[in-house]
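The values are calculated or read from the model by the stated rules, or taken from the named source; none is laboratory data. Small disclaimer: the values here were computed from a predicted structure and weren't measured. Positions of Cβ are generated from backbone atoms using ideal geometry, with glycine treated the same way; all protein chains shown enter the neighbour counts. Heavy atoms of the whole protein, side chains included, go into the accessibility calculation; ligands, DNA and RNA do not. Shrake-Rupley method; radii C 1.70, N 1.55, O 1.52, S 1.80 Å.
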Amino acid sequence: MTRGDLSAHGIGGQSDLPIPLNLAIAGGIAALVISFTVLAVAWRTPRYDEQGAGRRAPLLLQAVVASPAFAIALRAFGMLVFLFAIFCALFGRESTINPVFGIFFVWLWVGVIPMSVLFGPFWKAISPLRTINLLLAKIAGSDPDEGLYRYPEKLGVLPAALGLYAFVWFELVYPFTSELGPLRLWCAVYVGAMLIGGALFGSRFYERADPFEVYSSLAAKLSVWGVKDGHLQLRSPLANLATVRPVPGLVVVTGVLFGSTGFDSFSESTTWVTFVQGSSINGQLLANLALLAFCAGAVGIFSLGSMLTGVDPEQRRRHLPDTFAHSLVPIIVGYIIAHYLTLLIEIGTRTLIQASDPLSKGWNILGTGNWSEPTWLSYHPTLLASIKVLAVVVGHVLAAVIAHDRAIRVLPPRSHLTGQLPLLAAMVGFTGGGLYLLFSA
């Protein structure tokens with residue numbers, strides 16, 4: 001696996017669209033505007049609440065999920081993959097055929113999203129960091145949920161936003177991503193910070209500061225699984241998403257996720273490559289500035305659209321971006337599907353093949369060494385282009401629905417319609433710009 005394998009995601013280009021790009025953008029914007037119009041007419045009262053209405057899952061399923069054996073099995077799986085990754089990182093070849101690269105950049109970063117959407121907060125369930133924290137607490141005779149100090153709630157998820165930015169910077173900007181040494185260092189700092197934080201602040205720290213847990217748990221809000229009064233529930237994904245509570249830094253987390261995906265597309269475009277090659281400014285400096293601009297721009301545009309909504313005199317506008325930030329989750333998941341689908345299928349499978357021979361000695365310990373890499377989707381670019389347009393448009397439409405429901409809950413009646421227009425304008429910009437960037441590579 002080369003650096004090019006990680007960046008060239010095989011998502012198709014403008015020529016692969018079944019319709020011209022300008023019509024795809026126009027259609028996506030039209031779908032968003034029409035959806036908003038229909039919602040304004042037919043959706044006059046909130047339908048979702050923070051409790052997450054749903055029905056209880058079948059008793060047998062509840063019993064399985066609630067059993068200690070189930071939790072232990074998930075933790076054991078997470079620890080097994082974690083220890084295997086450490087083994088590959090320490091003893092594997094200093095080469096990109098080392099499976100630790102695919103485990104880190106593909107299985108963890110991309111794969112955790114579909115697993116969370118399908119099964120709920122996946123990383124929280126398998127997190128080796130939580131397992132290590134639990135084992136250390138058992139040895140010390142303490143409660144793993146309680147640290148030495150109370151987590152400062154005013155920080156919210158800002159530490160996770162910082163961790164997410166550190167990851168996307170390492171993946172997209174750092175020039176030596178394909179070298180084993182920097183990867184070891186990044187992971188060592190991450191693991192050390194999480195274990196120290198867990199010891200100091202308990203499990204609350206992982207909920208708020210672990211970038212991968214926050215990322216996974218947000219995506220899991222689009223699943224059909226929820227918990228209420230200790231019982232497993234089946235819910236509408238939008239009803240589940242409505243249970244996201246505003247916390248400080250939530251808009252920064254979503255902005256980093258959304259903005260970095262946009263930068264990833266833009267950095268592969270002819271426009272960007274030509275500009276960097278013709279510029280007298282150092283390319284690395286330009287890449288750093290561009291990534292920061294994309295992430296800050298996503299946060300800024302969404303925050304401005306949220307804060308320009310109509311409010312009552314006692315409402316504080318500075319709280320509105322975090323209040324509406326959950327509506328970006330469907331957009332983020334849509335872009336992850338659109339941008340990384342072939343990466344997950346092809347490079348994810350290649351990683352599983354490489355994992356059978358972690359030390360490059362001709363082993364086949366998992367029985368996957370003779371598998372072929374699935375490239376079928378890459379050879380059907382029109383289908384792939386159609387999938388990504390659909391993922392982006394559906395993500396934006398769902399975002400409009402959940403934002404509208406939150407708006408009529410928190411905004412004064414006089415602003416239920418006109419008060420949402422600035423936020424709609426921001427989403428229209430995201431739709432058009434996002435589709436253009438996805439096909440500009």
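Modelled spin-label separation between Phe91 and Leu135, with each label point placed 7 Å from Cα along the Cα-to-Cβ direction: 1.7 nm.
The heavy atoms of Thr37 present about 70 square angstrom of accessible area, all protein chains included, probe 1.4 Å.
Note on region 23-164: Cα convex hull, mean projected area over all directions, 15.7 nm².
Positive end of the dipole of the chain (Cβ unit charges, origin at the Cα centre): among Thr177, Ile365, Ile139, the Cα lying farthest that way belongs to Ile139.
Calculation over all alpha carbon pairs of region 287-327 in 10 angstrom steps from 0 returns a P(r) of 29, 43, 21, 6, 0 percent. Placing unit charges on the Cβ atoms only, positive for Lys and Arg and negative for Asp and Glu, gives region 284-441 a dipole magnitude near 280 debye about its Cα centre. When Rg and the Kirkwood radius Rh are both evaluated on Cα atoms of region 217-286, their ratio Rg/Rh stands at 1.27.
Among Ile332, Ile365, Ile72, the residue with the largest mean-square fluctuation in a Gaussian network model of the chain, with springs joining Cα atoms closer than 10 Å, is Ile365.
Among Leu423, Leu222, Leu148, the largest mean-square fluctuation in a Gaussian network model of the chain, built with springs joining Cα atoms closer than 10 Å, belongs to Leu148.
Less than 13 Å Cβ to Cβ from Ala220, Lys/Arg counted +1 and Asp/Glu -1: what total charge do the surrounding residues give? Once positives and negatives cancel, what remains is +1. For the chain, the mean residue ellipticity at 222 nm estimated from helices alone is -20000 deg cm²/dmol, where every DSSP H run of n ≥ 4 contributes -39500 (n - 2.57) and the total is divided by all residues, rounded to the nearest 500. Binning the C-alpha pair distances of region 136-258 at 5 Å intervals from 0 yields a P(r) profile of 2, 10, 16, 18, 18, 16, 12, 6, 2, 0 %, listed from the shortest bin outward. About its Cα centre, the dipole of the chain is roughly 880 debye, where the only charges are +1 on Lys and Arg Cβ and -1 on Asp and Glu Cβ. Share of pairwise Cα-Cα distances greater than 21 Å in region 137-201 is 40 percent (whole percent).
What ratio of Cα Rg to 2.2 N^0.38 Å holds for region 249-351? Each step should come with its number before you reach the end.
Working: Rg = 17.1 Å, N = 103, 2.2 N^0.38 = 12.8 Å.
Here the answer is 1.33, to two decimals.
For the chain, return all DSSP H helices satisfying: extent of Cα atoms along own axis at least 27 Å; mean Kyte-Doolittle hydropathy at least 1.0.
Values: long enough: 21-42 (31 Å, 2.23); 68-91 (34 Å, 2.25); 180-201 (31 Å, 1.57); 283-307 (35 Å, 1.61); 381-410 (43 Å, 1.42).
Long hydrophobic helices here: 21-42, 68-91, 180-201, 283-307, 381-410.
When +1 charges are put on Lys and Arg Cβ atoms and -1 charges on Asp and Glu Cβ atoms, the dipole computed for region 87-160 relative to its Cα centre reaches about 60 debye.
Excluding ligands, DNA and RNA, the accessible surface per residue across the chain is 45 Å² with a 1.4 Å probe.
In cubic angstrom, how much convex hull volume per residue do the alpha carbon atoms of the chain span? Intermediate results must be reported in sequence, preceding the final value.
On the way: hull volume 71.9 nm³, N = 441.
Hull volume over Cα atoms, normalised by residue count, gives 163 Å³.
The fraction of accessible area contributed by carbon and sulfur in region 179-305 is 69 percent, rounded to a whole number (1.4 Å probe; ligands and nucleic acids excluded).
Of Ser386, Ser415, Ser142, the residue with the greatest mean-square motion in the GNM of the chain, using alpha carbon springs below 10 Å, is Ser142.
Going highest first, how would you order 301-312, 122-133 by mean Cβ packing within 10 Å?
On the way: 301-312: 19.3, 122-133: 21.9.
Highest mean packing first, the order is 122-133, 301-312.
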